[in-house]
Amino acid sequence: MPFIIVDPCIGVKDESCVAVCPVDCIITTDTDPFMLINPDECIECGACMPECPVNAIYSEDDVPADQKEWIGINRDYANMDKAAFYAKHGKTIEAAKEKNRNSAHVNPALY
Ligand code: SF4
Ligand code: SF4
């Protein structure tokens, strides 16, 4: 099962996970306030998980019940164009970003 990034990353995006991924499957753009994982390229090595300061990375099997939506969000981010992705998931992304606004690890530059 691939690894999945869930909502505590939104607005944090410190990129600690990116530095250790051996296949560069943790993706973003310059403007998006998060990283997500391309599940079709993830080799399930688990190296990224302990690097995350906000515990936002899980094996797909272990994603908490209230975060299951993020399995599809990671997959869609890797496979959809940006406009279609935001049309489908923009409200969820914005809600997560607002929820994390006061996180100890938040990056104010992303707000
Ligand atoms: S589990 Fe390994 S391959 Fe998959 S995203 Fe994490 S570091 Fe990359
Ligand atoms: S280490 Fe965690 S917070 Fe940082 S970019 Fe990766 S998933 Fe997001």
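The numbers here are math on the coordinates, done by the rules we state, and not lab data. The model shown is predicted, which means the values in this text are computed figures rather than measured ones. For neighbour counting, all protein chains shown are included, and Cβ atoms are generated from backbone atoms with ideal geometry for every residue, glycine included.
Backbone N atoms of the range 85-111 closer than 16 Å to the 7 Å Cα→Cβ label point of Thr28 belong to residues 93-94, 96-98, 100-101, 103-111. Qualifying trypsin sites (Lys or Arg not before Pro) in the range 1-108, where qualification requires a DSSP coil assignment and no more than 15 other C-beta atoms within 10 Å, comprise Lys68, Arg101.
Fully extending the segment from Arg101 to Ser59, taken as 0.36 nm per residue of separation minus the present Cα-Cα distance, adds 12.6 nm. Largest first, the extents of the alpha carbon coordinates of the chain on the three principal axes equal 32, 31, 29 Å. Where only DSSP H runs of four or more residues are counted, the chain gives -9500 deg cm²/dmol as its mean residue ellipticity at 222 nm, each run worth -39500 (n - 2.57). Magnitude of the charge dipole for the chain, about its Cα centre and with charges confined to Cβ atoms of Lys, Arg (+1) and Asp, Glu (-1), is about 440 debye.
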